[in-house]
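The structure under discussion appears below in the form of structure tokens.
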């Protein structure tokens, strides 16, 4: 999917490239990014390369992914750029790189519900062993700060009706197969704290909500990806539940700037939620926005057995992002309806 020639997408990057952030602290630094071809990783790379190409910065990126051909295709505009390098690497294996780096942003993870069911071992190992391998590499190669991208999933099942703060934790039933994802994310967070405390690698944890945006993988089995894919195909928007779940969502541009705020301003051994009131919405309302934009209908179906095993049983996950707001982060002043419609427009005209 070529987004580089999409005017709306480029305008989106421009808007986020001009947020109030001390970008100069990243200039002439080297940043290693795992999970480069994912929803968040791809946008993060495009945003930083926009700063390099359009605004004259010199931020060197090392993009890690398991599929070199896929990376070469997605980032073909940067292949001859001196500040961009592709590293084909499965983070479950020892990192095959020898150069010094300044910062590392660890995004690589199995994030699709069907992967939790069909590849639970790979899900656990990508999170836990991948985090270890990257931190171990950084320990020997001058790493100044490690950013671990975590998830709202670490909070487990909470009975509270209040917004979830960073030290609120509920039950995760480890005998349920899909628990491979949240439980391994929890262990990975603990790995970060251990490396910081024992080996003095400063780490900051960023806990994202449900993320959407134009860099989404339309082959994903995540519910919001499926809803958007239905709309793009002018099909009925299919919900596999009543849609009453109340969630915090993140537009990918806001998620990426939250990561950058964590990189520049985040405290060592601290976790930060990413959310905003304007992006708290019921799943069925999310679906209705898509349906109205694409002139389709919302319909309800029972999930398959595999889908059911991969689904979260959470009915409300609203995050409190006061800690991140206190660092200066905030979403650009646009609501979720605008961002959903913008995502559809960009994907439709890719």
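The values are calculated or read from the model by the stated rules, or taken from the named source; none is laboratory data. Computed from a predicted model, the values in this text were never measured in an experiment. Positions of Cβ are generated from backbone atoms using ideal geometry, with glycine treated the same way; all protein chains shown enter the neighbour counts.
Please list, ordered by residue number, the helices (runs of 4 or more DSSP H) wholly in the range 1-82 having 3 or more residues that are surrounded by 20 or more Cβ atoms within 10 Å (Cβ to Cβ), within 21 Å of the chain's Cα centre (by Cα) and in contact (Cβ under 8 Å) with a residue 24 or more places away in the chain.
Details: elements: 7-17, 39-55, 68-74.
Output list reads 7-17, 39-55.
Are any of the residues in the range 217-227 assigned to a strand (DSSP E or B) and surrounded by fewer than 19 Cβ atoms within 10 Å (Cβ to Cβ)?
Here is the first cut: in the range 217-227, the residues assigned to a strand (DSSP E or B) are none.
Looking through the range 217-227, none of the residues is assigned to a strand (DSSP E or B) and surrounded by fewer than 19 Cβ atoms within 10 Å (Cβ to Cβ).
Considering only the range 199-212, I want to know if a residue exists there that is closer than 30 Å to residue 298 by Cβ, in contact with a helix residue (DSSP H, G or I) (Cβ under 8 Å, 6 or more places away or on another chain) and part of a helix (DSSP H, G or I). Show your work before the answer.
So in the range 199-212, the residues closer than 30 Å to residue 298 by Cβ come out as 207-212.
Now restrict to residues that are in contact with a helix residue (DSSP H, G or I) (Cβ under 8 Å, 6 or more places away or on another chain): 207-212.
When the remaining residues are screened for being part of a helix (DSSP H, G or I), the result is none.
Checked the range 199-212: no residue is closer than 30 Å to residue 298 by Cβ, in contact with a helix residue (DSSP H, G or I) (Cβ under 8 Å, 6 or more places away or on another chain) and part of a helix (DSSP H, G or I).
Look through the range 163-175, keep the residues that are touching a residue at least 40 places away in the same chain (Cβ under 8 Å) and part of a loop (DSSP other than H, G, I, E, B), and return whichever of them is surrounded by the fewest Cβ atoms within 10 Å (Cβ to Cβ).
Narrowing the range 163-175 to residues touching a residue at least 40 places away in the same chain (Cβ under 8 Å): 163-166.
Okay, now just the ones that are also part of a loop (DSSP other than H, G, I, E, B), so 163, 165-166.
Working: 163: 18, 165: 15, 166: 19.
Across the range 163-175, the extreme among qualifying residues is 165.
For the range 100-117, give me each residue that is at pLDDT 95 or above and more than 16 Å from the chain's Cα centre (by Cα).
Taking the range 100-117 as the starting set, the residues that turn out to be at pLDDT 95 or above are 100-108.
Passing the criteria: 100, 101, 102, 103.
If I go through the range 266-281 residue by residue, how many of them are part of a loop (DSSP other than H, G, I, E, B) and either buried (at least 17 other Cβ atoms within 10 Å of the Cβ) or at pLDDT below 95 (or both)? Please lay out each step first, then the result.
Applying the first criterion (part of a loop (DSSP other than H, G, I, E, B)) to the range 266-281 yields 266-269, 274-276.
Next cut, either buried (at least 17 other Cβ atoms within 10 Å of the Cβ) or at pLDDT below 95 (or both) only: 266, 274-276.
Number of matching residues: 4.
I'd like to know if the range 257-265 contains one or more residues that are more than 22 Å from residue 334 (Cα to Cα), modelled with pLDDT under 90 and in a helix (DSSP H, G or I).
If we filter the range 257-265 for residues that are more than 22 Å from residue 334 (Cα to Cα), which is where we start, we get 263-265.
From what's left, modelled with pLDDT under 90: none.
No, because not a single residue in the range 257-265 is more than 22 Å from residue 334 (Cα to Cα), modelled with pLDDT under 90 and in a helix (DSSP H, G or I).
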